[in-house]
Structure formats: structure tokens, C-alpha cells
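Visitor: Please find one structure pasted underneath; my questions will follow.
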Amino acid sequence: MAERMNITVGDGSFEAYVAKPAGDGPWPAVVVIQEIFGVNQVMREITDGLAGQGFLAVCPDLFWRIEPGIDITDQTEGEMKRAFELFGAFDVEAGMADIAATIDAVRSRPDCAGKVGAVGFCLGGLLAYLTATRTNADASVSYYGVGIQDRLEEAKAVTRPLMLHIASEDKFVPPEAQDRIRKTLADHPQITIHTYEGQNHAFARMGGEHWDAEAARTAGERSLAFLRQHLA
């Protein structure tokens, strides 16, 4: 079942897409953190898929301060241009406040069992990493986060489980950045890193240019097992 919820923060309010499993709950929850295309069909399908696996899944509109309701794809040149404009205009600090507020709002719902995790992709991959460093999320999963290498000093604040999926041929995260991430975080007791050899950015975005069914399936199975373990 899909619905919408409103979340209020200090400077306004925004909407989130909500998908729930069948039945009455309560369920463990997962906050789905968007790519640069808004809460689009891909994000809604991921949210729906998590609900199908037994999670209360919530995808907040993090671009609401720029323009509420962004819903575009990676399929046209114009949409890609707009997506990168949104990426450039996005305020990470404000977005993190929205994610923290979303976690709190979800945790307070009567259909939430108490534990709340996060999973993010691309821009959302960076935000999922920062969710692990800055919020009380119980577990976080980051897919090919862009810019993590510039925020590695924050990893010392990670006290709950974090999983990173890295694409070895990521055009937005060069090899030297990947090396810094792996070397800096390799011995962190709460962080698990998986590298996908030969894969490019967004290998798990179904229908995207670099989608790879096998790599996406492997990453998905790892993520699902991780979330089930830490949100039970």
C-alpha cells in the first residue's frame, strides 16, 4: 500500500512517499534517500520493493526547497541537465536535517516497530553515509555515494552499522578516491565495504545506462540481509 506523509521542519514542510507491507504491522522502517532525479519512478519502485520485503519504507522529497515534487528520469539530455542543476543547487546540510526529521517522524508512527534504517543512491549514497555519521539511524546502506572521500573524517562518529557499495569504474568517484575510502575505513568495526569490479556508477538503477542485473542483484541481496539483521 502506498500513501504520502507530511514532515515538518524549522523552515517548512515536505512530503514523503510511503509504502507499507500487507497487514497491520508494526514493522521495522527504512528511509530511502533519492538520487538527483527526485522521488521518481525508480525511487518509488525501490520503496515499494522494500515494503514487499516487510519494511515500512519512506522516501522523502529532499529537493522541496528548490522545487517540490521533482520527478524526472535519466533518459533524456534535458532531464540529465536539470538533474545536475538540482544537484548543484542542493544544500547538503539542509538535506541532512530533513533526513533526521524523517527518521524521527517515521520512528514515531504507530506502524513502526522502532528501528529505522536508511538506504541511499548516488547523491543519496553520500547522504546515507552522512546519515550513519550524524543521525540515530540504526543501520545505513550507501550505493556509490559521490563525495564520501571528502568527508572521511566524519567516519569516527559512526557507531552503528554502515554498508558501502562501491563501483570500481565509477565515473564520479575516481580510483584514487575509492582507494582513500577503502584505506581509511577498512578497519572500522561498524563499516562493511563491497567493491563491484568492472561496474560503473548507478549499476543498480534498473533501466539506466550502466544497469547490471547480476551486480544489482548481489548488492540488493547483501543490503537486504544487512537491513534485516540490524533492524530486527
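The values are calculated or read from the model by the stated rules, or taken from the named source; none is laboratory data. This one's a predicted model, so the numbers in the text were calculated from it and none came from an experiment. FYI the Cβ positions are ideal-geometry reconstructions off the backbone, even for glycines, and counts take in every protein chain you see.
Visitor: In segment 7-52, which residues are assigned to a loop (DSSP other than H, G, I, E, B), farther than 24 Å from Val146 by Cβ and touching a strand residue (DSSP E or B) at 6+ places or on another chain (Cβ under 9 Å)?
Guide: Lys20, Pro21, Gly25, Pro26
Visitor: Taking the criterion of being of a type in the set (D, E, K, R) and touching a residue at least 40 places away in the same chain (Cβ under 8 Å), would at least one residue in segment 91-103 satisfy it? Quick ask: steps written out before the conclusion?
Guide: The initial filter retains those residues of segment 91-103 that are of a type in the set (D, E, K, R), namely 91, 93, 98.
Right, trim to touching a residue at least 40 places away in the same chain (Cβ under 8 Å) and you get 98.
Yes, because at least one residue in segment 91-103 is of a type in the set (D, E, K, R) and touching a residue at least 40 places away in the same chain (Cβ under 8 Å).
Visitor: From the residues in segment 126-162 that are assigned to a helix (DSSP H, G or I) and touching a residue at least 60 places away in the same chain (Cβ under 8 Å), which one is farthest from Gly25 (Cα to Cα)?
Guide: Here the answer is Leu127.
Visitor: Which of the residues belonging to segment 212-232 are within 17 Å of Ala137 (Cβ to Cβ) and modelled with pLDDT of 95 or more? Walk me through how you get there before you give the answer.
Guide: Quick first cut of segment 212-232, residues within 17 Å of Ala137 (Cβ to Cβ) only: 223-224, 226-232.
Listed by number, the residues that qualify are Ser223, Leu224, Phe226, Leu227, Arg228, Gln229, His230, Leu231.
Visitor: Continuing with the same structure: Please specify each residue of segment 104-126 satisfying the condition of being out of contact with any Lys or Arg (no Cβ under 9 Å at 6 or more places or on another chain), among the hydrophobic types (A, V, I, L, M, F, W, C) and either surrounded by fewer than 22 Cβ atoms within 10 Å (Cβ to Cβ) or within 19 Å of His201 (Cα to Cα) (or both).
Guide: Matches in segment 104-126: Ala105, Cys112, Ala113, Val119, Leu123.
Visitor: For segment 51-62, indicate whether the set of residues that are buried (at least 23 other Cβ atoms within 10 Å of the Cβ), of a type in the set (Phe, Trp, Tyr), within 20 Å of Asp111 (Cβ to Cβ) and modelled with pLDDT of 95 or more is non-empty.
Guide: Yes, some residue in segment 51-62 is buried (at least 23 other Cβ atoms within 10 Å of the Cβ), of a type in the set (Phe, Trp, Tyr), within 20 Å of Asp111 (Cβ to Cβ) and modelled with pLDDT of 95 or more.
Visitor: Restricting to segment 181-232, what's the tally of residues that are assigned to a loop (DSSP other than H, G, I, E, B) and within 26 Å of Ala155 (Cα to Cα)?
Guide: Qualifying residue count for the region: 13.
Visitor: Let me ask something else about it. In segment 163-180, which residue that is part of a helix (DSSP H, G or I) and in contact with a helix residue (DSSP H, G or I) (Cβ under 6 Å, 6 or more places away or on another chain) is surrounded by the most Cβ atoms within 10 Å (Cβ to Cβ)?
Guide: Checked segment 163-180; the qualifying residue surrounded by the most Cβ atoms within 10 Å (Cβ to Cβ) is Ala177.
Visitor: In segment 128-145, what count of residues is obtained for those that are within 18 Å of Leu62 (Cα to Cα) and surrounded by fewer than 24 Cβ atoms within 10 Å (Cβ to Cβ)?
Guide: Total satisfying the criteria: 2.
Visitor: With respect to the numbered conditions (1) over 22 Å from Ser140 (Cβ atoms); (2) outside any strand (DSSP E or B), which one is the sole condition not fulfilled by Arg4?
Guide: Evaluating Arg4 over (1) over 22 Å from Ser140 (Cβ atoms); (2) outside any strand (DSSP E or B) leaves (2) as the failure.
Visitor: Scan segment 171-194 and report the pairs whose first residue is touching a residue at least 24 places away in the same chain (Cβ under 8 Å) and closer than 16 Å to Tyr144 by Cα and whose second residue is surrounded by 13 or more Cβ atoms within 10 Å (Cβ to Cβ) and small (Gly, Ala, Ser), with Cβ atoms within less than 6 Å and a gap of 6+ or a chain change.
Guide: Taking only residues 6 or more apart or on different chains, the pairs are Leu185/Ala155.
Visitor: Which residue pairs have Cβ atoms closer than 6 Å, lie 6 or more positions apart in sequence or on different chains, and pair a first residue in segment 211-225 that is within 15 Å of Leu162 (Cβ to Cβ) with a second residue that is surrounded by 18 or more Cβ atoms within 10 Å (Cβ to Cβ)?
Guide: Between residues of segment 211-225 that are within 15 Å of Leu162 (Cβ to Cβ) and residues that are surrounded by 18 or more Cβ atoms within 10 Å (Cβ to Cβ), the close pairs are Ala219/His165; Ala219/Ala204; Ser223/Val141.
Visitor: Collect the residues in segment 17-35 that are surrounded by fewer than 23 Cβ atoms within 10 Å (Cβ to Cβ), among the aliphatic types (A, V, I, L, M) and either touching a His at 6+ places or on another chain (Cβ under 8 Å) or modelled with pLDDT of 95 or more (or both), keeping them in residue-number order.
Guide: Once the filter is applied, which keeps residues that are surrounded by fewer than 23 Cβ atoms within 10 Å (Cβ to Cβ), among the aliphatic types (A, V, I, L, M) and either touching a His at 6+ places or on another chain (Cβ under 8 Å) or modelled with pLDDT of 95 or more (or both), segment 17-35 yields only Val18.
Visitor: Output the qualifying pairs, or none if there are none: Cβ atoms under 6 angstrom, residues six or more apart or on different chains, first residue in segment 1-27 and more than 23 Å from Val42 (Cβ to Cβ), second residue β-branched (Val, Ile, Thr) and surrounded by fewer than 16 Cβ atoms within 10 Å (Cβ to Cβ).
Guide: none
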